[in-house]
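Trainee: Please find one structure pasted underneath; my questions will follow.
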Amino acid sequence: MTKISGHTQIVGVIGDPVQHSRSPQMHNAAILERKLDCVYVPFHVRSGELREAIEGFKALNVLGVNVTIPHKQAVMPILDDVSHEATLIGAANTLIFCDGRVSGDNTDAQGFLRGMTEEGIDIPVGGSAVVLGAGGAARAVVVALALSKLSLITIANRTRWKATQLERELASISDTEISVADLSSSQFNLAIRSADLLVNTTSVGMQASDQLLIDPNSLNSKTIVYEIVYTPPETPLLQVAREKGCRTIGGIGMLVHQGAIAFEKWIGIVPNVQTMRIALEQALYQKKM
Ligand code: NAP
């Protein structure tokens, strides 16, 4: 545990609720490992008090905070500066306070890409991807893939209009073609069959009773399957993909890397991602290390 003194710097996370967040364990482990005089604190901030909280952080010289549900989008108009990726994603998950100003960034897209490369898997530049879901996480994933110069991204979501909206909003950010397919349609099955990458950004897979959103028979062993759900560590989709012989990536890497990028932005020091991962796994899966 960090010894608190008059010099101790503060970083943290805001959300409502925030008690469930495992970011404090992950970040404080990295702070301790680097012997920094800093502490990462969860702050319960209600929606009606978001502006006051941000002003308070400025006055208290807080270095930065992560932003979680329900504030990621709501915080955008309050920010003094917004990064290109946060603008494209339409949400900020990382705030940086400096000289009385607050800048917003979004580290989910880069975290997603690093989660892939750390597994030794190349981003399929020029290839195609199917993205399941059209919520907040899907936006970050589609932005990451479109900026990585894939040729085609097919978005499939239970509620079609949300996928169409995402397609419309992100169609012009790069030369990547973005299309929409209905789950279970023949167009969808065809897209899965030929995809270099399949990403699940829905919350389906968190419950043991969740039904697969894809037909396992459409899955090609050459397709990389990336699951961003991180509890449980192996979802039914990952299990099916592993049994098919696909290369698979779980969601914990993205979670660690989005945090590590934020850490570096606040503190200017690269954290030990392995330390962060171990602390996170311990907190999420109650592992005895
Ligand atoms: P969100 O904005 O609420 O979006 C949820 C998505 O899941 C929507 O596309 C929704 O479809 C779909 N969905 C939910 N239940 C479904 C069902 N029964 N059948 C089909 N589709 C269903 O949530 P989010 O922020 O994008 O997060 C989604 C998941 O990603 C969560 O599990 C979250 O923990 C995970 N995540 C992981 C990381 C990481 O770092 N690994 C980062 C962010 C999020 P509709 O539009 O039809 O409702």
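Trainee: For the stretch 186-201, what are the residues that are within 12 Å of I214 (Cβ to Cβ) and either small (G, A, S) or in a loop (DSSP other than H, G, I, E, B) (or both)?
Mentor: A191, A195
Trainee: When the residues of the stretch 243-283 are filtered to those that are more than 16 Å from the chain's Cα centre (by Cα) and aliphatic (A, V, I, L, M), which remaining residue is surrounded by the most Cβ atoms within 10 Å (Cβ to Cβ)?
Mentor: Of everything passing the filter in the stretch 243-283, A279 is surrounded by the most Cβ atoms within 10 Å (Cβ to Cβ).
Trainee: With the condition kept exactly as written, say whether any residue in the stretch 112-120 is under 22 Å from I252 (Cα atoms) and in contact with an Asp or Glu (Cβ under 9 Å, 6 or more places away or on another chain).
Mentor: Checked the stretch 112-120: at least one residue is under 22 Å from I252 (Cα atoms) and in contact with an Asp or Glu (Cβ under 9 Å, 6 or more places away or on another chain).
Trainee: Which one is surrounded by the fewest Cβ atoms within 10 Å (Cβ to Cβ), of the residues in the stretch 97-123 that are within 16 Å of the ligand (Cβ to nearest atom) and among the hydrophobic types (A, V, I, L, M, F, W, C)?
Mentor: Among those residues, the one meeting the criterion is I121.
Trainee: Taking the condition over 30 Å from V67 (Cα atoms) and polar (S, T, N, Q), does T201 pass?
Mentor: Taking the combined requirement at face value, the residue does not satisfy it.
Trainee: Would you confirm whether or not the stretch 71-82 contains a residue that is over 16 Å from Q9 (Cα atoms) and open to solvent by 70 Å² or more (accessible area, probe 1.4 Å)?
Mentor: Yes, because at least one residue in the stretch 71-82 is over 16 Å from Q9 (Cα atoms) and open to solvent by 70 Å² or more (accessible area, probe 1.4 Å).
Trainee: Could you run through the stretch 202-242 and say how many residues are more than 10 Å from the ligand (Cβ to nearest atom), open to solvent by less than 40 Å² (accessible area, probe 1.4 Å), touching a residue at least 40 places away in the same chain (Cβ under 8 Å) and part of a loop (DSSP other than H, G, I, E, B)?
Mentor: Of the residues in that region, 1 qualify.
Trainee: Separate question: Based on what the data block shows, is A144 within 13 Å of the ligand (Cβ to nearest atom) and surrounded by 23 or more Cβ atoms within 10 Å (Cβ to Cβ)?
Mentor: Yes: the conditions hold for A144.
Trainee: Could you say which residue among G126, G48 is open to solvent by 40 Å² or more (accessible area, probe 1.4 Å), over 21 Å from the mean Cα position of the chain (by Cα) and assigned by TED's automatic domain parsing to the domain that holds L150?
Mentor: Unique residue meeting the criteria: G126.
Trainee: Does E281 satisfy being touching a residue at least 12 places away in the same chain (Cβ under 8 Å), in a loop (DSSP other than H, G, I, E, B) and away from the ligand (no atom under 11 Å from the Cβ)?
Mentor: no
Trainee: Sticking with this structure for a sec: Quick one: A191 ticks every box in (1) more than 15 Å from the ligand (Cβ to nearest atom); (2) surrounded by fewer than 15 Cβ atoms within 10 Å (Cβ to Cβ) bar one, so which box is it?
Mentor: For A191, the exception is condition (2).
Trainee: Between E243, E234, E264, which is of a type in the set (D, E, K, R) and under 26 Å from G12 (Cβ atoms)?
Mentor: Among E243, E234, E264, only E264 is of a type in the set (D, E, K, R) and under 26 Å from G12 (Cβ atoms).
Trainee: Quick check on this structure: which one of D182, D175 is at negative phi, in contact with a Phe, Trp or Tyr (Cβ under 7 Å, 6 or more places away or on another chain), part of a loop (DSSP other than H, G, I, E, B) and modelled with pLDDT of 95 or more?
Mentor: The match here is D182.
The values are calculated or read from the model by the stated rules, or taken from the named source; none is laboratory data. Model, not experiment: these values are computed from the prediction. Here the Cβ is made from the backbone with ideal geometry for all residues, glycine too, and neighbour counts use every protein chain on show. Protein only, heavy atoms only, side chains kept; ligands, DNA and RNA dropped before computing areas. Shrake-Rupley method; radii C 1.70, N 1.55, O 1.52, S 1.80 Å.
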